[in-house]
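Notes for the one structure printed next.
The values are calculated or read from the model by the stated rules, or taken from the named source; none is laboratory data. Every value quoted in this text rests on a predicted model; they were computed, and no experiment measured them. Glycine gets a Cβ as well: all are built from the backbone with ideal geometry, and neighbour counts include every protein chain shown. Keep in mind that these areas ignore ligands, DNA and RNA; they rest on the heavy atoms of the full protein, side chains included. Shrake-Rupley method; radii C 1.70, N 1.55, O 1.52, S 1.80 Å.
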Amino acid sequence: MITLKYCKRDALIYVSHIDLLRHMERTLRRTDLPVAYSQGYNPHMLVNLGITLPLGVASACEYVTVDVDVSPAVFLARYNACCPAGLAGLAAWQVPKNPNLAGVVSAADYRFAGALGDKSAAVGRLAARGSYVIAYPTKKDPSAQKDVAPLLYALRADREGLNVCMAAGNTTVRPQSLIAAIESEFGVQFDLCGVTRLAQYVRTPEGALSDVDAMLDGLAQDKAYV
Amino acid sequence: MSSYQEIWSKVDKPARYVGGEYNCPTMRKEGVRFCMCMPDLYEVGMSNLGLRLLYHRINDMQSAECERCFAPALDCAALLREANLPLPSIETQTPLADFDMVGFSVQYEMLYSNVLYMLDLAHIPFWAKDRDERYPILVAGGPCAVNPEPFAEFFDIIDIGEGEDMLPEIIEVYRKHRASPNGYDKAAFLRDVARVEGVYVPALNTPEARSVVKKRFLPDFENAYYPEAQLVSNIEIVHDRAMVELYRGCANGCRFCQAGFYYRPLRYRSAQKVADICKGVIDRTGYAEISLGSLSTGDYPHLRELLHTLRPEADRRHVNLALPSLRLDTFDGEFSEGARKSSLTFAPEAGTQRLRDVINKNITDEDINRSLTLAFRQGYNSVKLYFMLGLPTETDEDLAGIVEICSRIRALYRAETGKKDVTVSVSCNALIPKPLTPFQWEAQISTQEMLRRQLLLKNALRAVKGVTFHYHDNTVSELEGIFARGDRRLAKVIEYAYRHGACFDGWTEHFKYDVWKEAIAACGIDERVYLDSQPLDKPLPWEFIDCGVTRGYLLRERERAYRNEATPSCLKGCQGCGCKCAAIGKGGGV
Ligand code: SF4
Ligand code: SF4
């Protein structure tokens, strides 16, 4: 089994989670690698996507696990020969079993590009607030709100933007909602296409955040990267 | 000031506008720059095989590049207008007006308003006469070119027939004119390009001074261009699969069917060729499904051989082979083996044998029984039936025949399986008498009469258990009928309707019948002229186009229709329609 780390960028940032699965299947079919299929009436490729990425957000750290019996080096080379440029592979690990990243990832780093200028110091102090209630519209409740303070783990602002480490996965903060709240409070503007996910984390049994790459390094029998 | 980037980030489904699809060539912004437009949403336009073929065909040329543009959804159009940004191409976000040539593929009549919608958003004048050398050359093609007259004056060039060779030739003529030391002169270019076979230049070839335009087709379909490395959409599209044609043309000659006559002559691809293409397509696209397309797939003489050659590889790669348009009388248990046994689709088109002979749908009641018995034995329990209403000579007895077919299917199912759980879905479309068919002179029945027949059928079908009935509001068919047999006077109707709010007319929720009626009245048009029966002794507006099938043949077929006489399939021998199929020859057979 292979876990692949890949990026999502350019036009591909507008590909939804469901369409992404179709992309992965097509890319893998083009590789003609011996990917395993499910049994039964309507067999499908055994591909496990990681946590979702909101539409319009770029990423340098997406993960997918594929049930295929080849070395990481071969997998990565074949994948990169057949994938859309916007989903280029970065690294591959041979893992003994599906690490179920969609279930265990609990935080991620993001970069929000935007001209913060002199406001950066004030924005940077957000992390210290005991509570930060922002508009968090959902389909069901367009006027919903959410206190995101407990979900913001680290925040560092500079003149050109903001780095945030916050909840992702099953409990999550939508980057766009956070941006909108900061924009309206501080009168700043972020680039609409300037959000990038930089890293994903799992919680160790001790409660610390550990980079998914490190976790996979610990798990893997073999690894390849570009 | 908004940028395109900002607009895309605000619209529904931005992927429609930003490109970056797998197999999308890198643009150098050099040579003749062509923008291929489809006046429909991305998901529909990208599903079109013709667009994929021509797009890659041009991009494979040394001297030209092709980009794409689709009709933006209304939310996107509103933002473009607000920002006063012209509609751009997908690949390099270049405004359409900055291209050398802009091509429109017009798939059906209800897209005419969307052509203007796109031109409007692109800040390009609608009428060819209002565009000088500063504007791109506008080219139209696609199935509607059978009768291009209603939209002819919007375009500089109309491609009649298959574009794979014609379009590159047009581009070549353009390139030479652009490079001319005396400077580019649009009028001189048009005079020159009119000599390319298949090219119709409406400004030079007018109803007052006609010359014949010969439809273009690829004589060697076996080796015709096919891009194995074709665009793979980033988002789900309507036909999200590869399409490979088995052959062009149709041997059956159903008398209502424009495609059946327009795409003649019959030209087949060998099984080996199709299989090779399909294998290449799997490698280069990764699609999970390949549709083996043609007008009547069951008539493909090499189907068995093809499936035999292709299926092992398709199975190994988990690729589904879809066989659309299987005719009832060719349904053969073997072809559907391994397919999901859900629903079976048949198009008897008419309810009685007499009427099927009139329209030359060569299906008998026995065919229906035999095929369905086979199908039920294999486990099918759902049947979809397509019929047409408003066929020439149709009476209420023929409608009763539809009901009877449904009852018989239920009885058959019961006899075969001992069960009653079969569902039958009946869909009825209106006959629209189309150019280049033996019915091109017939009257189209009125919306009122259509409603009567629809209700009659609806009530009668209620009595049969397990049957659902689908039919369409006839107002759309009425307009389609007007434009199908329209002439140049209708261009101003299209313009009026667009200016008063018509667009996306193909989408039921956007179709504005009242606007179109108002447009027709405002332009002083009597719609009966187009809907009534047409005189046999005068040339029809599209008859300056030589499609290969002769007027005499169509007239003969019309007479046979009125005598309830069917005409055999070309596979039993050439019927002498005039287009001289090399694949059939005098002796018949393949
Ligand atoms: S079988 Fe009849 S309806 Fe179908 S494409 Fe051929 S001529 Fe047309
Ligand atoms: S030329 Fe003969 S074989 Fe060819 S389509 Fe016409 S009738 Fe059929």
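Summary table
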| item | result |
| --- | --- |
| Qualifying residue in region B:256-275 (condition: within 16 Å of ligand 1 (Cβ to nearest atom), part of a loop (DSSP other than H, G, I, E, B), open to solvent by 30 Å² or more (accessible area, probe 1.4 Å) and under 29 Å from B:ASP192 (Cα atoms)) | yes |
| Residue list for region B:221-241, filter: among the small types (Gly, Ala, Ser), within 19 Å of B:GLY141 (Cβ to Cβ) and surrounded by fewer than 17 Cβ atoms within 10 Å (Cβ to Cβ) | none |
| Single condition B:THR423 does not satisfy, out of (1) touching a strand residue (DSSP E or B) at 6+ places or on another chain (Cβ under 8 Å); (2) among the β-branched types (Val, Ile, Thr); (3) crowded, with 20+ Cβ neighbours inside 10 Å | (3) |
| Among residues of region B:10-22, those that are open to solvent by 40 Å² or more (accessible area, probe 1.4 Å) and within 9 Å of chain A (Cβ to nearest Cβ), counted | 2 |
| Meets criteria (assigned to a helix (DSSP H, G or I) and touching a Pro at 6+ places or on another chain (Cβ under 7 Å)) for B:ILE409 | no |
| Test for A:GLY207: is it in contact (Cβ under 8 Å) with a residue 12 or more places away in the chain, on the phi > 0 side of the Ramachandran plot and away from chain B (no Cβ under 14 Å) | no |
| B:PRO202 vs. criteria within 16 Å of ligand 2 (Cβ to nearest atom) and either closer than 21 Å to B:GLY163 by Cβ or assigned by TED's automatic domain parsing to the domain that holds B:ASP315 (or both) | no |
| Answer residue from region B:346-362, given it is in a loop (DSSP other than H, G, I, E, B) and surrounded by 23 or more Cβ atoms within 10 Å (Cβ to Cβ) and is farthest from ligand 2 (Cβ to nearest atom) among those | B:GLY351 |
| A:VAL123 being surrounded by 17 or more Cβ atoms within 10 Å (Cβ to Cβ), of a type in the set (A, V, I, L, M), assigned to a loop (DSSP other than H, G, I, E, B) and touching a residue at least 60 places away in the same chain (Cβ under 8 Å) | no |
| Selection status of A:TYR14, within 7 Å of chain B (Cβ to nearest Cβ), in contact with a Pro (Cβ under 6 Å, 6 or more places away or on another chain) and either surrounded by 16 or more Cβ atoms within 10 Å (Cβ to Cβ) or touching a residue at least 24 places away in the same chain (Cβ under 8 Å) (or both) | yes |
| Odd one out for B:LEU218 among (1) surrounded by fewer than 23 Cβ atoms within 10 Å (Cβ to Cβ); (2) more than 16 Å from ligand 2 (Cβ to nearest atom) | (2) |
| Hits in region B:178-205 (condition: assigned to a helix (DSSP H, G or I) and open to solvent by less than 30 Å² (accessible area, probe 1.4 Å)) | B:LYS186, B:ALA188, B:PHE189, B:LEU190, B:VAL193 |
| Any hit, region B:104-117, residues being within 25 Å of B:VAL32 (Cβ to Cβ), among the polar types (S, T, N, Q) and not in a helix (DSSP H, G or I) | yes |
| Lone unmet requirement of (1) within 16 Å of ligand 2 (Cβ to nearest atom); (2) closer than 30 Å to B:ASN564 by Cβ for B:PHE256 | (1) |
| Per-region count, region B:47-87, residues β-branched (Val, Ile, Thr) and at positive phi | 0 |
| Residue that is nearest to the other protein chains (Cβ to nearest Cβ), among those in region B:294-324 that are within 16 Å of ligand 1 (Cβ to nearest atom) and crowded, with 18+ Cβ neighbours inside 10 Å | B:LEU323 |
| Some residue of region A:60-74 being assigned to a loop (DSSP other than H, G, I, E, B), open to solvent by 20 Å² or more (accessible area, probe 1.4 Å), touching a residue at least 24 places away in the same chain (Cβ under 8 Å) and within 14 Å of chain B (Cβ to nearest Cβ) | yes |
| Selected residue (criterion: farthest from the other protein chains (Cβ to nearest Cβ)) from residues of region B:279-293 that are surrounded by fewer than 22 Cβ atoms within 10 Å (Cβ to Cβ) and out of contact with any Ser or Thr (no Cβ under 9 Å at 6 or more places or on another chain) | B:SER291 |
| Filter result (hydrophobic (A, V, I, L, M, F, W, C) and either open to solvent by 10 Å² or more (accessible area, probe 1.4 Å) or not in a helix (DSSP H, G or I) (or both)) within region B:54-64 | B:LEU54, B:MET61, B:ALA64 |
| Residue identified as more than 16 Å from ligand 2 (Cβ to nearest atom), of a type in the set (A, V, I, L, M, F, W, C), outside the structural domain of B:ARG16 (by TED's automatic domain parsing) and within 17 Å of the chain's Cα centre (by Cα) among B:LEU231, B:LEU292 | B:LEU292 |
| Evaluation of A:ASN98 against (1) under 19 Å from the mean Cα position of the chain (by Cα); (2) within 14 Å of chain B (Cβ to nearest Cβ) (one fails), failing number | (2) |
| Spans of helices (runs of 4 or more DSSP H) in region B:473-590 with at least 2 residues away from ligand 2 (no atom under 16 Å from the Cβ) and open to solvent by less than 60 Å² (accessible area, probe 1.4 Å) | B:474-484, B:491-499, B:513-522, B:528-531 |
| Total residues in region B:242-255, condition assigned to a strand (DSSP E or B) and either open to solvent by less than 10 Å² (accessible area, probe 1.4 Å) or near ligand 1 (Cβ under 9 Å from one of its atoms) (or both) | 3 |
| Of all residues in region B:23-53 being in contact with a helix residue (DSSP H, G or I) (Cβ under 6 Å, 6 or more places away or on another chain) and within 14 Å of chain A (Cβ to nearest Cβ), the one that is most open to solvent (accessible area, probe 1.4 Å) | B:PRO25 |
| The listed residue being hydroxyl-bearing (Ser, Thr, Tyr), buried (at least 17 other Cβ atoms within 10 Å of the Cβ) and either within 14 Å of chain B (Cβ to nearest Cβ) or in a helix (DSSP H, G or I) (or both), out of A:TYR41, A:TYR110, A:TYR79 | A:TYR79 |
| Where a residue in region B:245-258 is touching a residue at least 40 places away in the same chain (Cβ under 8 Å) and its partner, wherever it lies, is within 11 Å of ligand 1 (Cβ to nearest atom) and in a strand (DSSP E or B), with Cβ under 7 Å and at least six apart | B:PHE256/B:MET388 |
